[in-house]
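Here's the structure we're looking at; comments come further down.
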Amino acid sequence: MRVLIAGMDGYLGWALAQYLTARGHEVAGIDRFLRREWVAEIGSDSAIPIYSMAERLIAFEERFGTRPDFRVGDLLDYDFVYRFLAEFQPDAIVHLGEMPSAPYSMIDAHHAVWTQTNNVMGTLNMVFAMRDTCPNAHLVKLGTMGEYGTPNVDIPEGFFEIEYRGRKDRLPFPRQAGSFYHWSKVHDSNNIMFACKIWGLRSTDIMQGVVFGTQIDEMGDDPRLRTRLDFDQAFGTAVNRFCCSAVIGHPLTLFGRGHQKRGFLPLRDSMQCLTLAIENPPEAGEYRVFNQFEEVYDVTELALKVQKVGRELGLDVEVRNIENPRAELDEHYYNPDHEHLLNLGYQPTHDVEAELQIMLRDLMAHKDRINHFRDVLIPDIRWDGTRRKSAFLQELSPAR
Ligand code: USQ
């Protein structure tokens, strides 16, 4: 299939380009390299060194015998999106090209407005360009499990049957996102659902959990094929942060009581699931929702697993609860469905500890690099709009 990846330079996009090419798909890519700029703005860098796109593409061709048709461009530039879609005529578009950080969107008005403008307008440009150039293509849109929030009832995959005042309907399950970033994904979902309804487009909206992992097998040993791995307070996800902390002897930071439950999945499972969605498109006019995660874990449970695996590798790993900079429940019910991908053949990686061991070994090779940026492990972006650190955080990093 001809697959266009928007956001090909990112954590998922660069891995997906390799995973799909290795399976015989023809890949094209778009990126404006904003992720590199955002992480630099936070004062950090990827723990795993990453190369320029020019160097990446040379390595790609050496390994796979072909390279993606890659263009530097902005999804907010409608003419650019229109022209590229018209020319490439994709069978599937994987839209990963959004600002992905909840804390970044909560810094101030500027960051919140920017996040929603970038994410919502980029997706609108994408669906309009699809309508006018490749209406039969399949839009695989990266949403987030965070769209649902943490309701005190089970979470279905997008829709649920409801009986209200004696009448029944199948309606979108209520969304209760927890940051302006997560709300941008809700707005995208609504716009895509509407575009499918009125224009007959087809889309899979992926409600993905929190991803962790440093590599997939397709990358081999070539450092130029490795994907980025962030650990700063904004762009680092929980387990990736825990592993980087473990490597440099920084306490693993559990926010609040640390009993937030989320769906987590290794990077290699994310690749498998996205590929299953691409290879099994919905009908024309169908908008379907997949909840994409391997299993639900409590963040403390994962921190303790990192501690255990770290100790086996000789690391001195401390786990500490700190004041939660976010406004979220840290003790709650959480039971989302995730049948759709399993029905398509998803085989989850159940050995989380083996994955953590690979991660810790990979990251131990970059200990000095992580240590250099260690201050970014400490969260000071708070949901109440202030940027201050608690006494405990001052003790960890008095310099900031
Ligand atoms: N957490 C800690 N300590 C940390 C970092 C996070 O306890 O050092 C907690 C957070 O408070 C939260 C949970 O771990 O309750 C997950 O936090 P996260 O930063 O790993 O994930 P989140 O902000 O929810 O966002 C990430 C990705 C985002 C994606 C989302 C999927 O950055 O793009 O949409 O995971 S989900 O969480 O299912 O909404």
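Rule-based calculations on the coordinates, nothing more; no lab input. Keep in mind that what you see is a predicted model, and the values were worked out from it rather than measured. Ideal geometry is used to build each Cβ from the backbone, glycine not excepted, and the neighbour counts take in all protein chains shown.
Go ahead and run the numbers for FRET between LYS168 and ASN136, Cβ-Cβ distance against an R0 of 41 Å, rounding to 0.05. Please list the in-between numbers first.
Details: r = 33 Å, r/R0 = 0.80.
Efficiency, from the Cβ-Cβ distance: 0.80.
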For LYS197, the aspartates and glutamates lying under 13 Å Cα to Cα, once residues fewer than eight places off in the same chain are dropped, come out as GLU283, GLU286
Subtracting the Cα-Cα distance of ASP154 and GLN357 from 0.36 nm times their residue separation yields 69.8 nm
Placing each pseudo-label 7 Å from Cα in the direction of the beta carbon, ASP77 and LYS308 end up separated by a distance in nanometres of 5.0 nm
With the charge dipole of the chain built from beta-carbon charges (+1 for Lys and Arg, -1 for Asp and Glu) about the Cα centre, the Cα from TYR181, TYR334, GLY249 projecting farthest to the positive end belongs to TYR181
Connecting every pair of Cα atoms under 10 Å apart in the chain and solving the GNM, the largest mean-square fluctuation among ASP384, ASP169, ASP132 falls on ASP169
Listed by chain and number, the lysines with an alpha carbon less than 27 angstrom from that of LYS308, same-chain partners under 8 positions apart left out, are LYS261, LYS367
In the chain the DSSP beta bridges are antiparallel at a rate, in percent to nearest 5, of 20 percent
In Å, the C-alpha Rg and Dmax of the range 21-102 are 14.4, 39
Dividing the helical contributions, -39500 (n - 2.57) per DSSP H run of n ≥ 4, by the residues of the chain yields a 222 nm value, nearest 500 deg cm²/dmol, of -11500 deg cm²/dmol
For the range 161-305, percent of DSSP beta bridges that are antiparallel (nearest 5) comes out at 45 percent
The long-range amide H neighbours of ILE155, using H built 1.01 Å from N in the peptide plane and a cut-off of under 5 Å, are ASN335, ASP337
Semi-axes (Å, rounded, descending) of the ellipsoid equivalent to the range 1-141 per its C-alpha gyration tensor are 24, 21, 11
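For the chain, just run the numbers: alpha carbon Rg, then divide by 2.2 N^0.38 Å, N being how many residues it has.
0.95
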Over all viewing directions the Cα convex hull of the range 2-50 casts an average projected area in nm² of 3.5 nm²
The rounded separation in angstrom of the Cα centers of the range 255-288 and the range 1-28 is 16 Å
Between the modelled labels at GLU283 and ARG2 (7 Å from Cα along Cα→Cβ) the distance in nm is 2.6 nm
Amide H proximity to PHE212 below 5 Å, modelled H, separation 5+ or other chain, gives LEU265, LEU267
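Compute for the range 241-400: radius of gyration divided by Kirkwood radius, i.e. Rg/Rh, restricted to C-alpha atoms, rounded to two decimals.
That ratio equals 1.03.
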Here the range 365-377 yields Karplus 3J(HN,Hα) values (6.51, -1.76, 1.60; θ = phi - 60°; whole Hz; Gly and Pro given as x) of 5, 10, 4, 5, 4, 5, 4, 4, 9, 4, 4, 6, 6
D (µm²/s, integer) via Stokes-Einstein for the range 222-294, Kirkwood Rh across alpha-carbon pairs, 4 °C, 1.567 mPa s: value 85 µm²/s
Answer check: the range 173-288, Cα atoms, Kirkwood Rh, Rg/Rh ratio of 1.04
Any residue on another chain or 5+ positions along whose placed amide H is under 5 Å from the amide H of GLY29 is listed here as ILE5, ASP69, PHE70, ARG71
Measuring from its Cα centre, the chain shows a charge dipole (+1 at each Lys and Arg Cβ, -1 at each Asp and Glu Cβ) which, in debye to the nearest 20, is 560 debye
